[in-house]
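The values are calculated or read from the model by the stated rules, or taken from the named source; none is laboratory data. Small disclaimer: the values here were computed from a predicted structure and weren't measured. All Cβ positions, glycine included, derive from the backbone under ideal geometry; neighbour counts span all protein chains shown.
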Amino acid sequence: MLIRAITPADIPALFAVRTATDENRLSREQLTALDITEATVLEKLRTTYSGWLCEDEGKVVGFAMGDRATGEMWVIAVLPSHIRRGIGSELLEKVEQWLLSEGCAGLWLTTDVDTTLRAYAFYRKHGWEDDRIENGLRYMRKKR
């Protein structure tokens, strides 16, 4: 497996992974309603966002992105077939280290309020702490 920086050419594959997750799955239509399209992701990558992906035999199986302007861990997604192989942990660490190297004093993310979902335990295991629940989302923080 190969971890590498995301390039604009990877954007279609990112959407294939994001729409195939087994928890917090969003369709293309739902993503579009949130103003998350191939064009908006490309624009993000051209500004303050960066990310990494994991390839297995040439196929994208996971990715993560963050925003250096705000310190947000914006998205992490791994295909169900590749869960529990350490891919998510590696991708999360890459984004966290990049955000910190860019001068972010504290990192934040949003996730589902349901603590029984795998994501909540994953973030807690990696040092993220609950901050607040607002507008149906759980906000978590990680200090430098």
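Could you tell me whether Y139 is surrounded by fewer than 18 Cβ atoms within 10 Å (Cβ to Cβ) and either among the aromatic types (F, W, Y) or under 28 Å from P8 (Cβ atoms) (or both)?
Numbers: surrounded by fewer than 18 Cβ atoms within 10 Å (Cβ to Cβ): yes; either among the aromatic types (F, W, Y) or under 28 Å from P8 (Cβ atoms) (or both): yes.
So Y139 passes the test.
Here is a check on your reading of the model: is T47 touching a strand residue (DSSP E or B) at 6+ places or on another chain (Cβ under 9 Å) and of a type in the set (S, T, Y)? Spelling it out, T47 is indeed touching a strand residue (DSSP E or B) at 6+ places or on another chain (Cβ under 9 Å) and of a type in the set (S, T, Y). For the range 96-144, the set of residues classified as part of a helix (DSSP H, G or I) and among the charged types (D, E, K, R) consists of E96, R118, R124, K125, listed by residue number. Residues that are farther than 19 Å from F63 by Cα and in contact with a Ser or Thr (Cβ under 7 Å, 6 or more places away or on another chain) are absent from the range 102-123.
Here the condition is being in a helix (DSSP H, G or I) and aliphatic (A, V, I, L, M); of A20, A69, A13, A64, it holds for A13 alone.
For the range 1-10, name all the residues that are among the hydrophobic types (A, V, I, L, M, F, W, C), in contact with a strand residue (DSSP E or B) (Cβ under 9 Å, 6 or more places away or on another chain) and outside any loop (DSSP other than H, G, I, E, B). Walk me through how you get there before you give the answer.
Just the residues of the range 1-10 that are among the hydrophobic types (A, V, I, L, M, F, W, C), to begin with: 1-3, 5-6, 9.
Retained after the next criterion (residues that are in contact with a strand residue (DSSP E or B) (Cβ under 9 Å, 6 or more places away or on another chain)): 1-3, 5-6.
L2, I3, A5, listed by residue number.
Considering the range 30-61, and only residues there that are at pLDDT below 95 and in a helix (DSSP H, G or I), the residue that is nearest to the chain's Cα centre (by Cα) turns out to be L31.
Among the listed residues R144, R84, R132, which satisfies the condition of being exposed (fewer than 12 other Cβ atoms within 10 Å of the Cβ) and within 23 Å of I6 (Cβ to Cβ)? Even if it seems obvious, please write down each step before you answer.
Numbers: R144 fails: within 23 Å of I6 (Cβ to Cβ); R132 fails: within 23 Å of I6 (Cβ to Cβ).
Answer to the selection: R84.
Say we look at the range 94-114 and pick out the residues that are of a type outside the set (G, A, S) and without any contact (Cβ under 8 Å) to a residue 12 or more places away in the chain; which of these is nearest to K143 (Cα to Cα)?
Residues of the range 94-114 of a type outside the set (G, A, S): 94-100, 102, 104, 107-114.
Now drop any that are not without any contact (Cβ under 8 Å) to a residue 12 or more places away in the chain, which leaves 97, 114.
Working: Q97: 12, D114: 23 Å.
Residue satisfying both the conditions and the ranking: Q97.
Collect the residues in the range 110-121 that are over 24 Å from L45 (Cβ atoms) and under 16 Å from the mean Cα position of the chain (by Cα), keeping them in residue-number order.
So the first thing to find is which residues in the range 110-121 are over 24 Å from L45 (Cβ atoms), and the list is 112-118, 120-121.
Of everything in the range 110-121, those that are over 24 Å from L45 (Cβ atoms) and under 16 Å from the mean Cα position of the chain (by Cα) turn out to be D112, L117, R118, Y120, A121.
Could you grab me the full set of residues in the range 12-58 that are of a type in the set (K, R), closer than 19 Å to I83 by Cα and without any contact (Cβ under 8 Å) to a residue 40 or more places away in the chain? Steps first, answer last, please.
Residues of the range 12-58 of a type in the set (K, R): 18, 25, 28, 44, 46.
With the extra rule that they be closer than 19 Å to I83 by Cα, the set shrinks to 18, 25.
Matches in the range 12-58: R25 only.
Looking across the range 74-109 at every residue that is polar (S, T, N, Q) and closer than 15 Å to W128 by Cα, the one that is farthest from the chain's Cα centre (by Cα) is identified as Q97.
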